[in-house]
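One structure is given below, encoded as structure tokens.
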Amino acid sequence: MQAKIGGDVGISHSWQAGLSYLSGETADRASGDEDEPLLFSGDTDLLIAELVWKWAPNGNWKQRNFKFQAEYLKRNEQGRYALPEGPELPWDVTQEGWYLQAVYHPRPHWRFGIRYDTLSSDDPGMAFDGTPLELGASDPERYSLMTDWSHSEFSRVRLQYTRDRAGLLDDEQWGLQYIYSIGAHGAHSF
């Protein structure tokens, strides 16, 4: 199930909000180690809420614009996990995650962006200690900064910095990316 709504606010602003719900049932879904997988059987429900806000002076997004985006996800699983060489254990865990991001395009060819995302989970209990389902010491989170320059609609150079706090040690990453597009697209049908 999915529902979206949105509209314009004057000539310079627009927005869209959405809500999605997915539900499924599974039997013996494998996770963890490939040789000795953990097998989940039960129900999974997923709720997603999203919001996008866009600004472009007088609706001219090619000269200057700003886009704010946010998304929230919540998953609940209820059922049983079969552990390798162990018993089946009851499982009722809720996980949540969300992100916020903003991209500002102050002039043609240039964009600057920032993003924050995080996850959290219920503690599945001591019975899952030592398995891939064990709750980590803290909730993972990540921060990203980006700038890019587009020479034309066919090419873009992006520089990105990310600080990832998901593991035992914080991870800092720098990325330089060159994107080049060829072939048919909206402006040309060749």
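The values are calculated or read from the model by the stated rules, or taken from the named source; none is laboratory data. Computed from a predicted model, the values in this text were never measured in an experiment. Positions of Cβ are generated from backbone atoms using ideal geometry, with glycine treated the same way; all protein chains shown enter the neighbour counts.
Keeping to segment 132-168, report how many residues are over 17 Å from the mean Cα position of the chain (by Cα) and farther than 24 Å from V103 by Cα.
Matching residues across segment 132-168 total 9.
Which one of Q78, Q69, Q101 is farther than 30 Å from D170 by Cβ, of a type in the set (S, T, N, Q) and modelled with pLDDT of 90 or more?
Details: Q69 fails: farther than 30 Å from D170 by Cβ; Q101 fails: farther than 30 Å from D170 by Cβ.
Result of the check over Q78, Q69, Q101: Q78.
I'd like to verify a number: residues in segment 1-24 that are under 19 Å from the mean Cα position of the chain (by Cα) and touching a residue at least 24 places away in the same chain (Cβ under 8 Å), how many?
Within segment 1-24, residues that are under 19 Å from the mean Cα position of the chain (by Cα) and touching a residue at least 24 places away in the same chain (Cβ under 8 Å) number 7.
Please identify the pairs in which a residue from segment 47-60 that is at pLDDT below 95 has its Cβ atom under 7 Å from the Cβ atom of a residue that is of a type outside the set (V, I, T) and in a loop (DSSP other than H, G, I, E, B), counting only partners at least 6 apart or on another chain.
Listed by first residue and then by second, the contacts come to A56/S12; A56/R64; P57/S12; P57/R64; N58/S12; G59/S12.
Within the set of pairs 6 or more residues apart or between chains, which connect a residue that is of a type in the set (V, I, T) inside segment 71-98 to a residue that is buried (at least 16 other Cβ atoms within 10 Å of the Cβ) and outside any strand (DSSP E or B) with Cβ atoms less than 6 Å apart?
As it stands, the answer is V93/P124, since those pairs meet every condition given.
Within segment 24-66, can you find the residues that are out of contact with any His (no Cβ under 9 Å at 6 or more places or on another chain) and within 22 Å of I5 (Cβ to Cβ)?
Hits for segment 24-66 are L46, L47, I48, A49, E50, L51, V52, G59.
Just the residues that are on the phi < 0 side of the Ramachandran plot and surrounded by 15 or more Cβ atoms within 10 Å (Cβ to Cβ), please, taken from segment 21-48. Let's see the steps before the verdict.
First, pick out the residues of segment 21-48 that are on the phi < 0 side of the Ramachandran plot: 21-27, 29-31, 33-41, 43-48.
If the condition is that a residue be on the phi < 0 side of the Ramachandran plot and surrounded by 15 or more Cβ atoms within 10 Å (Cβ to Cβ), then R29, P37, L38, L39, F40, S41, T44, L46, L47, I48 are the ones that fit.
Just checking, how many residues over segment 75-103 are surrounded by fewer than 16 Cβ atoms within 10 Å (Cβ to Cβ), part of a strand (DSSP E or B) and not hydrophobic (A, V, I, L, M, F, W, C)?
Number satisfying all stated conditions: 7.
Test each condition in (1) over 24 Å from D164 (Cβ atoms); (2) of a type outside the set (A, V, I, L, M); (3) within 25 Å of the chain's Cα centre (by Cα) for F68 and report the one that comes out false.
So the condition that F68 fails would be (1).
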